[in-house]
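Coordinate-derived values only; no laboratory data. Computed from a prediction, not measured in an experiment: that's the story for all the values here. Don't worry about glycine lacking a Cβ; one is built from the backbone with ideal geometry, like all the others, and counts go over all protein chains shown.
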Amino acid sequence: MPCIKIENLTHTYFPGTPLETAALQDISLTVDQGETLALAGATGSGKSTLVRHLNGLLAPTAGRVRILDGDVADKKFRRQLWRRVGLVFQFPERQIFSATVHEDIAFGPRNTGLAGQALSERVSQAAAAVGLPEDMLRTDPAELSGGMLRRAAIAGVLAMHPDILILDEPGAGLEPRARESILQRIKELQVSQGTTVILITHQLDDAALYADRLALLKKGRLLAVGPTAEILSRCDLLDEAGLEPPFTVELTRRLAAAGINLPKTPLNPAEAARLLAVML
Ligand SMILES: Nc1ncnc2c1ncn2[C@@H]1O[C@H](COP(=O)(O)OP(=O)(O)O)[C@@H](O)[C@H]1O
Ligand SMILES: [Mg+2]
């Protein structure tokens, strides 16, 4: 069942001024309840603009966006969307400003009226979900490592118990192991809670590992959307979107050039190894 329906969405920043920018043009896309959709495209392709329509920050210039049970054209609905659609911005730790990690994670849920024991439990639960140790909750965010700080920022959004979770480049600037661990936690959450996840990334390796479907944006237009394996096996599309293929796709391409044709495109190194072992 779709929980997001985007129909012919167009967004123009500063229309009718010298700064006019056509950021999105005629995008139609649905997102199903409980799926993980990866959204990929080069810098400036419109990824962030698109998701800002999903949590009430932007209204369409033209077209229609329906989320859960409402239409974002309805101002009242749009204003309360932040409670239900969690958006983790790119480099979210820049927005951390509280004296303790606990306070920072508690900020959102406290604004919805949660207090006392219930609030503390909510914070602990969100911290656990992203793998943030309980004792770090009492520390000053300034003392955390980059990876832990990123986890704290994500926990702050999770603590709102959003129906839909949107992450804008959640692994950007982190070392591979921290990135992997965070994405793995998000995947677990999606599986156990049935949360709908939209993952913005320009690293298609992440999409290969974690997304059910993949949408490619190019210069504000939707280039393609479909099951991750299907889109990733289309090298022409990845080239057109200006994106590097995932490691396993590149490997498959090079093996084929050497006369070794794998029966299908593997999406992770373990699967690649299995397919190769059978062939060799
Ligand atoms: N707040 C803004 N005001 C004006 N133009 C913007 C704003 N945010 C993005 N843009 C422009 O809209 C286009 C899409 O940008 P963006 O959605 O940030 O792409 P992405 O997230 O894929 O890098 C770009 O041309 C960008 O310069
Ligand atoms: Mg962006």
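Extension gain, R274 to E134, is 46.5 nm, computed as 0.36 nm per intervening residue step minus the present C-alpha separation.
Placing +1 on the Cβ of every Lys and Arg and -1 on the Cβ of every Asp and Glu, with no other charges, gives the chain a dipole of roughly 500 debye about its Cα centre.
Close amide H partners of T36, meaning residues 5 or more places away or on another chain with modelled amide H under 5 Å apart, are V197, D212, R213. Here the 3J(HN,Hα) profile of region 151-167, calculated from phi with Karplus coefficients 6.51, -1.76 and 1.60 at θ = phi - 60°, is 4, 4, 5, 5, 4, x, 7, 4, 5, 7, 6, x, 6, 10, 10, 10, 10 Hz, Gly and Pro shown as x. When you count the other C-beta atoms within 10 angstrom of each residue and take the mean per peptide, 27-39, 228-240 line up highest first as 27-39, 228-240. Using Cβ point charges alone (K and R +1, D and E -1), the dipole size of region 68-224 about the Cα centre works out to roughly 640 debye. With a simple spin-label model that places each label point 7 Å from the Cα along the Cα-to-Cβ direction, the separation between R253 and D71 comes to 4.3 nm. If the chain linking D26 and E143 were pulled fully straight, counting 0.36 nm for each residue of separation and taking away their Cα-Cα distance, it would gain 37.6 nm. Pick out, from G41, L29, T10, the residue whose Cα sits farthest towards the positive end of the charge dipole of region 1-80, with +1 on the Cβ of Lys and Arg and -1 on the Cβ of Asp and Glu. In region 1-80, that residue is T10. The length gained on full extension between K264 and Q95, counted as 0.36 nm times the residue separation minus their Cα-Cα distance, comes to 56.5 nm.
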